[in-house]
Structure formats: structure tokens, C-alpha cells
Amino acid sequence: MFSAARFGLLASVLGCLLLAPLSALAKPPEYVIVIKDHLFHPAEIKIPAGTKVKLVIRNEDPTPEEFESYDFNREKIVGGNSQIKVFVGPLKPGRYEFFGEFNPGTAQGLLIVE
Ligand SMILES: [Cu+2]
């Protein structure tokens with residue numbers, strides 16, 4: 001039998017699911033940055049303020065690179081011809097520099113948060 005108590009439990013479980021914030025269910029927006037000839041493409045990326053985002057750093061050079069930023073505090077090696085994921089934010093509006101530590105003379109990039 002489907003008792004009132006069971007119905008109450010079911011209703012509260014459904015209620016919780018419906019009330020869960022949509023932001024928690026949504027996947028973070030994804031941005032792809034390609035490393036080629038020790039340069040970032042694109043070198044400037046705009047992302048929304050106050051939002052966690054996923055950066056996919058794809059290294060198309062045969063040599064490893066290190067994706068690094070003092071401004072948003074990340075440091076991660078990307079092997080040659082491979083890719084990594086880096087989650088960033090939520091960040092305040094501003095300009096955040098990143099670079100390739102193994103090729104800082106060329107591999108320079110900017111995250112523009114707005
Ligand atoms: Cu480093």
C-alpha cells in the first residue's frame with residue numbers, strides 16, 4: 001500500500017531535488033586554450049565574473065609546458081601533445097595574467113574577467 005507517510009517522504013525527496021539550485025547542477029562553462037609554437041591561442045580570453053570556469057589547455061607542441069598564473073594561483077604541467085583541465089574562479093572582475101613557465105618569453109596570456 002502507498003501510505004500517507006510514504007507519500008510524505010516521496011514529496012519531500014522530490015521537493016529537495018526541485019529546490020536544488022540550478023547553478024549546482026550546471027556544468028562550468030568551458031574554454032579551450034591551445035599552445036602552439038610556445039604561444040597561447042587565443043592569448044586573451046574573456047570569462048564571466050563570479051563564475052567557476054573550466055579551462056582546457058591543449059598543448060599541440062611536442063614539448064611540455066607549464067601553465068602558470070600568479071594572479072589566479074594555478075600551476076600545472078601540460079605534457080607535449082596532450083591536454084589538462086584547470087578550474088578557475090569564481091573571480092572578481094579584472095585582468096589576470098598567465099604564462100607558460102617553460103617559455104615565458106613567448107607564452108603569455110590574459111584572462112579578462114568581466
Ligand atoms: Cu611553475
Quiz prompt | Dipole in debye (nearest 20) - region 31-104, about Cα centre, beta carbon charges: Lys, Arg +1; Asp, Glu -1 | solution = 520 debye
Quiz prompt | Selected from 87, 33, 51, residue furthest toward positive end of dipole (region 26-113; charges at beta carbon) | solution = 51
Self-check item: Nonlocal amide H pairs with residue 102, under 5 Å, H built at 1.01 Å
Solution: 66
Practice problem: Consider all pairwise Cα distances in region 26-113 and report the whole-number % of them above 14 Å. | Solution: 59 percent
Quiz prompt | Centre separation in Å (Cα based) which lies between region 75-89 and region 92-107 | solution = 13 Å
Practice problem: Could you work out the relative contact order of region 58-112, using alpha carbon pairs under 8 angstrom and six or more residues apart, expressed as a whole percent? | Solution: 35 percent
Practice problem: Count charges around residue 36 for me, please; just the other residues with Cβ under 14 Å from its Cβ, Lys/Arg as +1, Asp/Glu as -1. | Solution: -3
Exercise. Could you list which residues have their amide H under 5 Å from that of residue 51, counting only those 5 or more apart in sequence or on another chain, with H placed in the peptide plane?
Key: 91
Practice problem: Would you please give the residues with an amide H less than 5 Å from that of residue 71, counting only those at least 5 places away or on a separate chain, with H modeled from the backbone geometry? | Solution: 97
Practice problem: Compute the distance in nm between two label points, each set 7 Å from the Cα along the Cα-to-Cβ direction, one at residue 83 and one at residue 37. | Solution: 2.2 nm
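All of the numbers you see were taken from the coordinates with simple rules; none came from a lab. Values in this document were obtained by computation on a predicted structure and should not be read as measured data. With ideal geometry, Cβ positions are generated from the backbone for all residues, glycine too; neighbour counts draw on all protein chains shown.
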